Amino acid sequence: MTSILMVCLGNICRSPLAHGILESKLPQELFYVDSAGTANYHVGDSPDHRSITVAKSNGIDISKQQGRQFKISDFDTFDYIFAMDQSNYDNIIKLARNTSDIGKVKLILEVDDSVNDKRVPDPYYGDISDFEHVFSLLNSACTKLSKTLTGNSSN
Ligand code: 4NP
């Protein structure tokens, strides 16, 4: 089993989308996907209704996800940890215990050579079009990531 964790700040807007999108592209018997926030503001909460709406209109149900905070043991549980932006990355790295932990953490858009700006912008104070933009960025990145993880170029 290969395990992948998507991380943003609140775990209600971006990382739930990344979680649902990547999960939809990978065989669940071989891959475990989860998400977390670096902050504890939304522990136990459902994803933001705008993330739920945008995912649903793309055939993905993220409504059952529940917010949780990133924890140090996630470095042991997960093979890959993807941050949505540099601030999330820095907050995760602050908790790393060693170079192995650090080596697991990347920006999610680093997997997508076609985008120059490696930040997935925080849509929390935006409108539905900002969530659609986030979905589009994450859908492209997760398509590429799923191909890399499965070694399947037709995926
Ligand atoms: P996320 O967006 O990190 O993509 O889940 C945010 C959600 C909530 C807050 C900030 C960002 N907040 O300040 O509550």
Taking H placed 1.01 Å from N in the peptide plane, check which residues at least 5 places from LEU107 or on another chain put their amide H under 5 Å from its amide H.
ALA83
Restricting to DSSP H runs of at least four residues, report the calculated mean residue ellipticity at 222 nm for the chain, -39500 (n - 2.57) per run over all residues, nearest 500 deg cm²/dmol.
-11500 deg cm²/dmol
Within segment 109-155, DSSP-loop chymotrypsin sites (Phe, Trp or Tyr not before Pro) with at most 11 other C-beta atoms within 10 Å are TYR125
Contact order relative to length of the chain, as percent, for alpha carbon pairs under 8 angstrom and 6 or more apart
27 percent
Which of the peptides 1-13, 29-41 is most tightly packed, and how do the rest follow, judged by the mean count of other Cβ atoms within 10 Å per residue?
1-13, 29-41
Which aspartates and glutamates, if any, have their Cα less than 20 Å from the Cα of LYS144, not counting same-chain residues under 8 positions apart?
GLU23, GLU29, ASP34, ASP79, ASP85, GLU110, ASP112, ASP113, ASP117, GLU132
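No value in this document is a laboratory result; all are computed from the given coordinates. A quick note: this is a predicted structure, and the numbers were derived from the prediction, not measured. Cβ atoms come from the backbone with ideal geometry, glycine included; neighbour counts cover every protein chain shown.
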